[in-house]
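Enquirer: Sharing a structure, written as structure tokens. Questions coming.
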Amino acid sequence: MVARKPKQRDGIITEALERFDRSESAEHHNREMWLEDMRFVHDEDAQWTQESKDKRKGRPCMTFDKTSQAIDQMIGDQLINSPSIKIRGFEDDDADTAEILTGLIRSILNKQEADRAQKTAYKHAVTGGFGVMRILNDYADDECFDQDIMLKAVENPCSVYWDADAKLVTKEDGMFFFIVDDMSLTEFERAYPKASVTQSDKFSGVGDSSQWFGKDNIRVAEYFRKVPKKRTIYQLSDGSVVDEPPELDAMGQVPEFKSREVDGFKIEIFKITGSEILEESEWTGKYLPIIPVFGKVININGEFKYRGAVRKAKDAQRTYNMERSNYIETVALQPKQPYLVTGAMLKGHEKQWSEMNTSNRPALTYNLDQGMRPTRESPQMAPQGLLTGLQISSDDIKSATGKYDASLGARSNETSGVAINARKAEGDVGSYEYIDELVSALEYAGRIMIDLIPRIYDTQRQIRILGDDDSEKVMQINKAQRNLITGEIVTQNDLSRGKYDVVVDTGASYATKRIETASQLSAVMAQNPQLGMLGADMWAKSLDLVGADEFIKRVRKMLIKQGVAEPTEEEQAQMPQPNPQQAQMKQMAIQLEMAAKQADIKETNSKADLNTAKAMMEKAEMSVMAGEQAQLKQQVQQLAAHLDQVQRGGADYAFNERSGQLVANR
């Protein structure tokens, strides 16, 4: 903890309490509505108000939740079409480093805790209007000093408060953030035994400080604040900009550079109660590491309003619940339509008739009264108005959530896959704004990570990166090597060099694209097998099979053998290499055949020469197979000696079968 005077520490507490009070006041309505929306979807009886229950006085109050289906569909769409972060370098030299950064960020986001953070924040945003994620850095494990970057969920978004003056949707232009936690007194005393559990009089008039100290709990907050700080930046001769002055070169000289002072911020983190500072530290990066994810957000006369898909659908859902309850009540009462009787008809049989609806009597006895018997009116049909009202309320819910039957998987008139997908995509347009807000949040998360990576991954180490297809690769970063030409020490895969942009791609995930690719290539192969064979290896890669790697290798081997595909360097290394002597003999045979055709000799001699060369080639190949390397070498030399004569057309020779040699005729 930084050594501060008591007055400075009190000033920080006063500042925090005032800022928190202002933020809480500005966000109070949004948070109340968030809680109401979340309870409406997830609490059992929240879709009926207490006033409505009291008015019905014991009548059915049933819930037929249609909003949850729309929410689940939107969350499912996000999981299938999860946005991904890509890094793009400003210059061509930064392309390789940008690829490493993309793979590293993909590896960070691929962890279960990061996946849960995105899912939880998006679920909160779609349902209640906003969710929150946060970025942390911590040691990779208890056995090393390497640190990793982590994206984590904030399970209770209402515990996060931001600067009410922030204008950007990411709130990155704000000056502070709070993350509060109401701890029990027992837990607080165990975690901070030296801290006070009572409110100090000096802060009693600052904001609503009473809410920080309850009867059974005490509020502890992480308080992030920006503090203005000037810093000097340096531009080196290669154009790169760094925060530290350049070191001496190999000659002991100071390299040329430019420098200037810029206005910036440092971020301080305090863990506080309503009266004292418990802990203090400084954040590694330059961005506030809290990432809000909003639903539909709008600024009305300077006041931000945000909501999820439930907010406008609540009245329609309540109406639907009431009308369904009324319909069920009406239908349930129809079998109990009373009989029209007189007292004389039931005299002596009162017990039978009183138990009519609870007993299994096969018949009822009665007395004729002036020749008349009991009569019963025909059961009344449910009012058509109830059925019409149910349909209208159901359609109102769809309109409010933006999810219609096609988006929810209902069958329609479309029969082809293309038409069905087009209809579904049209129904999903109403929820694209939620995905767009998630994209904005992930873009900000990407910038935070790009700022943190050179500071966290700043030593020589190995990191795991992921490709687009989730294939893993281990990279060595920040490895110092000496340039053999210049003698300078250079850093391999230096993640602190270069400038980068963050781009967020939306669309189907790799798994979804693989399924679509397999389906489309299968259709092509069925319709045009010859054309389909050109992409047989791509089709094999798109299949999710046990032993798929071996299947892909076999398909590739077949295509390479047929000349359809070019082998990769790895495949070339695994291919059997031809024997050098065999290759030389084949080349000699080709040259002899060409020379025999060009020589101006008699046709019979030419045929004999050609037959002799072929016989010698067969003999040489048999020698290679039998391991007769010395004899093969002699034959090659002899062939070379006589090749020149054959090409000039002036040599007569014969093949000696006993010796296996080419002998000139004299």
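Enquirer: Could you tell me which residue of the stretch 123-148 is most open to solvent (accessible area, probe 1.4 Å), considering only residues that are more than 29 Å from Lys66 (Cβ to Cβ), more than 19 Å from the chain's Cα centre (by Cα) and in contact (Cβ under 8 Å) with a residue 12 or more places away in the chain?
Expert: So, considering only residues that are more than 29 Å from Lys66 (Cβ to Cβ), more than 19 Å from the chain's Cα centre (by Cα) and in contact (Cβ under 8 Å) with a residue 12 or more places away in the chain, the one most open to solvent (accessible area, probe 1.4 Å) is Asp138.
Enquirer: Can you find a residue in the stretch 84-100 that is within 18 Å of Tyr444 (Cβ to Cβ), open to solvent by less than 20 Å² (accessible area, probe 1.4 Å), part of a loop (DSSP other than H, G, I, E, B) and touching a Ser or Thr at 6+ places or on another chain (Cβ under 8 Å)?
Expert: No, the stretch 84-100 has no match at all.
Enquirer: Can you find a residue in the stretch 50-67 that is among the small types (Gly, Ala, Ser), surrounded by 13 or more Cβ atoms within 10 Å (Cβ to Cβ) and more than 30 Å from Ser325 (Cβ to Cβ)?
Expert: Just the residues of the stretch 50-67 that are among the small types (Gly, Ala, Ser), to begin with: 52, 58.
Now drop any that are not surrounded by 13 or more Cβ atoms within 10 Å (Cβ to Cβ), which leaves 52.
Pick out the ones that are also more than 30 Å from Ser325 (Cβ to Cβ) and you get none.
No, the stretch 50-67 contains no residue that is among the small types (Gly, Ala, Ser), surrounded by 13 or more Cβ atoms within 10 Å (Cβ to Cβ) and more than 30 Å from Ser325 (Cβ to Cβ).
Enquirer: Take the residues in the stretch 175-197 that are in a loop (DSSP other than H, G, I, E, B) and at pLDDT below 95, then tell me which one is most open to solvent (accessible area, probe 1.4 Å).
Expert: Lys194
Enquirer: Confirm whether Thr120 is open to solvent by 10 Å² or more (accessible area, probe 1.4 Å), within 27 Å of Ile298 (Cα to Cα), in contact with an Asp or Glu (Cβ under 8 Å, 6 or more places away or on another chain) and not aromatic (Phe, Trp, Tyr).
Expert: Values: open to solvent by 10 Å² or more (accessible area, probe 1.4 Å): yes; within 27 Å of Ile298 (Cα to Cα): yes; in contact with an Asp or Glu (Cβ under 8 Å, 6 or more places away or on another chain): yes; not aromatic (Phe, Trp, Tyr): yes.
Against the criterion (open to solvent by 10 Å² or more (accessible area, probe 1.4 Å), within 27 Å of Ile298 (Cα to Cα), in contact with an Asp or Glu (Cβ under 8 Å, 6 or more places away or on another chain) and not aromatic (Phe, Trp, Tyr)), Thr120 qualifies.
To keep it simple, each residue is scored yes or no on (1) of a type in the set (A, V, I, L, M); (2) in a strand (DSSP E or B); (3) touching a residue at least 12 places away in the same chain (Cβ under 8 Å); (4) open to solvent by 70 Å² or more (accessible area, probe 1.4 Å).
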| residue | (1), (2), (3), (4) |
| --- | --- |
| Gln462 | no, yes, yes, yes |
| Lys473 | no, yes, yes, yes |
| Gln476 | no, yes, yes, no |
| Gly487 | no, no, yes, no |
| Arg497 | no, no, yes, yes |
| Val504 | yes, yes, yes, no |
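Enquirer: Oh, and also: Output the residue which, of all residues in the stretch 252-283 that are under 34 Å from the mean Cα position of the chain (by Cα) and surrounded by 15 or more Cβ atoms within 10 Å (Cβ to Cβ), is nearest to Asn156 (Cα to Cα).
Expert: Here the residue is Lys271.
Enquirer: Condition (residue is outside any helix (DSSP H, G or I) and surrounded by 14 or more Cβ atoms within 10 Å (Cβ to Cβ)) applied to the stretch 17-38: is it met by at least one residue?
Expert: There is no residue in the stretch 17-38 that is outside any helix (DSSP H, G or I) and surrounded by 14 or more Cβ atoms within 10 Å (Cβ to Cβ).
Enquirer: Of the numbered conditions (1) modelled with pLDDT of 90 or more; (2) in contact with an Asp or Glu (Cβ under 8 Å, 6 or more places away or on another chain); (3) in a helix (DSSP H, G or I); (4) within 30 Å of Arg447 (Cα to Cα), Asp77 satisfies every one except a single condition; which is it?
Expert: Going through the list (1) modelled with pLDDT of 90 or more; (2) in contact with an Asp or Glu (Cβ under 8 Å, 6 or more places away or on another chain); (3) in a helix (DSSP H, G or I); (4) within 30 Å of Arg447 (Cα to Cα), Asp77 breaks only (1).
Enquirer: Residue under question is Ala309, and the condition is that it be in a loop (DSSP other than H, G, I, E, B), under 30 Å from Ser393 (Cα atoms), hydrophobic (A, V, I, L, M, F, W, C) and modelled with pLDDT of 90 or more; does it hold?
Expert: So Ala309 fits the description; yes.
Enquirer: Next question, about the same structure. Would you mind stating whether Ile80 is closer than 22 Å to Gly402 by Cα, surrounded by fewer than 23 Cβ atoms within 10 Å (Cβ to Cβ), of a type in the set (Val, Ile, Thr) and touching a Ser or Thr at 6+ places or on another chain (Cβ under 6 Å)? Full working, then the answer.
Expert: Numbers: closer than 22 Å to Gly402 by Cα: yes; surrounded by fewer than 23 Cβ atoms within 10 Å (Cβ to Cβ): yes; of a type in the set (Val, Ile, Thr): yes; touching a Ser or Thr at 6+ places or on another chain (Cβ under 6 Å): yes.
Criteria met by Ile80.
Enquirer: Scan the stretch 107-141 for residues that are in a helix (DSSP H, G or I) and either over 30 Å from Arg307 (Cα atoms) or hydrophobic (A, V, I, L, M, F, W, C) (or both) and report the count.
Expert: So the count comes out to 8.
Enquirer: Something else about it: Within the bounds of the stretch 198-207, is there any residue that is at pLDDT below 90 and among the charged types (D, E, K, R)?
Expert: yes
Enquirer: Looking at this structure, is Val490 under 25 Å from the mean Cα position of the chain (by Cα) and modelled with pLDDT of 70 or more?
Expert: For Val490, the condition - under 25 Å from the mean Cα position of the chain (by Cα) and modelled with pLDDT of 70 or more - is not met.
The values are calculated or read from the model by the stated rules, or taken from the named source; none is laboratory data. Keep in mind that what you see is a predicted model, and the values were worked out from it rather than measured. Methodologically, a virtual Cβ is constructed for each residue, glycine included, from the backbone with ideal geometry; neighbour enumeration extends over all protein chains shown. Surface areas here come from the heavy atoms of the whole protein model, side chains and all, with no ligands, DNA or RNA. Shrake-Rupley method; radii C 1.70, N 1.55, O 1.52, S 1.80 Å.
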